[in-house]
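Notes to accompany the following structure.
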Amino acid sequence: MKSRVDDGDLHEKAEYHLDQFRDLGNPDDIEKAIEYGARALDLTPNEHPSIPLQISYMGVYYNERYRRLGNLQDMDASTECNICALRLTPESNPELPARLAKVGISYRMYYTRMGRVDELEKSIDYSSRALALTHNGHPDLPLRHAELGASYNDRYQLTGEAADLEKSIEYNCLALALTPEGHPDLPLRHADLGASYTHRYLRIVEAADLEKSIECYSLALALTPHDHPDLLTRYFDWATSCHHQYQLNAHPSHLAASLHSFRKASHLSAASPRDVLHNAFRWAKLASDHTYLNPIEAFRIVISLLPHFIWLGATTAQRYHDLSSADSVAVRAASAAVRSSEHSLALEWLERARCIVWSQTLMLRSPVGSLTPSDPLLASRLQSVVQQLHHASSGLPSSDSNVFLPEHRHRLASTGPRKSRERSGTRYCRRAFRSVWYDARKGSRSAPKSSPSNPDLSDSNEVPKTGAPQSAPGLLGAP
C-alpha cells in the first residue's frame, strides 16, 4: 500500500500537467492529468475526507478535455464527477457553493450540446443556489453572477421572454462591476455583457444597445492577450458587431472591419481546431444570407480546416460524427459555389471532402494487428473493445472506466431515498477509476510507437461565446 505522500505527489503531477495544458495546449498533458488524478483517487482510502475534492478535480480534467475535443463521453464523465462530489459534500462544507456552481455549469453544457430544456432549468436552479450561498466579498461572487447571466441569456434565446433578457443584462452588469481591474476574467465579463446588449438590440432595434454592445466587445478584444485561446472568439464577436453597424448605416469601413475580424476569427492559432472551424462555418452560413460577406472565401477556409478538425485525438463516435458533419459542410460549400457560378470549385470541394472522409473512414477500420507480435493478448482485447465501440456507436475515452458506460452511468446517477449518499457515492465514484485500461496500459510498454497508421489508443489529445465554460460547439451549431 502506497503512502498518502505518494497520493499527494500524484495529485501535484496532475495539477502540473493541467496547468501545462492550459498554457501550451499540448493534448498529452491533459491525458497525463487524467491519469495521475485517477491513480491518486484510486490510492486514497474510502473514508478519507479528500475524496470529494479529488473527484471534483477529475471533473475539471474531463471538462478540459471535453472543451478541447468536444467528445460527449468526457462531458458525461465531468458531469458525473461534479454530481458525485456534490453528493458527498456536507451542507456545512465551505466548498458547497463551488460544487453547486460546477453542477450548474455542467447542466448548461448539456443544454448547449443537446438542446434539452430541462437541463437549462437545472442549470439555473443550481447556479441560483450557488449564488445564494456565496457571501459578499467572496472572490467567486462575480463568477456566480456571470454564470446566471449566461444561463438566462440562453433561456432568452430559447423562449424569447424579455424578462430573461433583462435578468441576463442585470447579472452580467453585476458580474462586470464586481470584477477588479486587471482580473483575467475581465475580457469575458465585457464580452458577456456585450452579448446581452446585442440580443436586446436585435429585439427592439435600439441604437443605444448596439453602441453599448460595441463598446463591450471593443474592450473585450483590447483586453484579451494575443496568445489567449479566446482571442478568436473576441474577433468573431467584434466581426458580428461591425456587421450590425454596416446593416444600420451601410458604411464601407464597417464592412471592411467585419470581414477583417471574420478572417482573424477563422485563423488557426492557440485555439482548438474545432473552435476555429466553428467560427469559419458560422461566418460562411452568415455570408450565405449576405453575399457581401464573401461566402466563397468563407467556405474556402472551412474546407481547408477540415483535415485539422477530423483527427486521431477524438474517439470513434466523435470521429464518425465529425465525418458526417464534413459531408454536410461539403454540400453546403458546393451549393454556395454553384450559386456563385463557381461550378468547377463546387466539384473540387466535394472531391476534397470526399477524400478526407474516405481516408479517415479507412483509418477507423484499420486493424490493430501490428500490436499482435509484441503483445497478442493486449491486441486481442483491444480488437474486442474496438468492435464493441463500433457496434455501440460509442467511444471510450482514455483514463476512463466502466462507470462511464451507460449502464454504470445510470447506476452512479441514481440515489435511492434511503441510501447513505456518502457511502453509495463513494463506492460508485471510486469504481470509475478501476478498469481494464490501466492494467492494459501498464503491460503495453513494448507496443509499437504511435503513428498515424497505428495510433496509440491511450493517447487522445468552446470556447463559449458567452458565460462560464461550456461545451465545445458542434460543427453545425447555430450561429
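The values are calculated or read from the model by the stated rules, or taken from the named source; none is laboratory data. This is a predicted model, so every value here is computed, not measured. Glycine gets a Cβ as well: all are built from the backbone with ideal geometry, and neighbour counts include every protein chain shown.
For the stretch 37-47, which positions are assigned to a loop (DSSP other than H, G, I, E, B) and surrounded by 15 or more Cβ atoms within 10 Å (Cβ to Cβ)?
Restricting attention to the stretch 37-47, the residues satisfying the condition of being assigned to a loop (DSSP other than H, G, I, E, B) are 43-47.
Matches in the stretch 37-47: Leu43, Thr44.
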Checklist entry - Looking at (1) crowded, with 24+ Cβ neighbours inside 10 Å; (2) within 20 Å of Thr240 (Cα to Cα); (3) at pLDDT 90 or above, which is the one condition that is false for Ala333? => result (2)
Item to check | Matching entry among Leu96, Leu131 (being modelled with pLDDT of 95 or more, over 19 Å from the mean Cα position of the chain (by Cα), of a type outside the set (Lys, Arg) and under 22 Å from Ala195 (Cβ atoms)) | outcome: Leu131
Item to check | So Leu210, is it more than 21 Å from Lys122 (Cβ to Cβ), modelled with pLDDT of 95 or more and of a type in the set (A, V, I, L, M) | outcome: yes
Checklist outcome for this item: Filtering the stretch 63-95 down to residues that are among the small types (Gly, Ala, Ser) and either at positive phi or touching a Gly at 6+ places or on another chain (Cβ under 9 Å) (or both) yields Gly70, Ala77, Ser78, Ala85
Checklist entry - Looking only at the stretch 196-243, which residues are part of a helix (DSSP H, G or I), over 21 Å from Ser168 (Cα atoms) and not hydrophobic (A, V, I, L, M, F, W, C)? => result Tyr235, His243
Next on the checklist: If a residue must be closer than 19 Å to Leu277 by Cβ and of a type outside the set (S, T, N, Q), how many such residues does the stretch 239-259 contain?
Outcome noted: 2
Next on the checklist: Go through the stretch 166-178 and report how many residues are of a type in the set (Gly, Ala, Ser) and buried (at least 18 other Cβ atoms within 10 Å of the Cβ).
Outcome noted: 2
Checklist outcome for this item: Scanning the stretch 241-250 for residues that are more than 16 Å from Leu219 (Cβ to Cβ) and either at pLDDT 95 or above or among the hydrophobic types (A, V, I, L, M, F, W, C) (or both) gives His243, His244, Gln245, Tyr246, Gln247, Leu248, Ala250
Checklist outcome for this item: Among the residues of the stretch 8-27, the number that are out of contact with any helix residue (DSSP H, G or I) (no Cβ under 6 Å at 6 or more places or on another chain) and part of a helix (DSSP H, G or I) is 10
Next on the checklist: For the stretch 43-69, give me the residue count where each residue is closer than 22 Å to Pro229 by Cβ and β-branched (Val, Ile, Thr).
Outcome noted: 1
Checklist entry - From the residues in the stretch 103-123 that are of a type outside the set (Phe, Trp, Tyr) and surrounded by 23 or more Cβ atoms within 10 Å (Cβ to Cβ), which one is farthest from Glu64 (Cα to Cα)? => result Ser123
Checklist entry - So which residues in the stretch 179-219 are among the aliphatic types (A, V, I, L, M), surrounded by fewer than 20 Cβ atoms within 10 Å (Cβ to Cβ) and closer than 17 Å to Arg144 by Cα, if there are any at all? => result Leu186
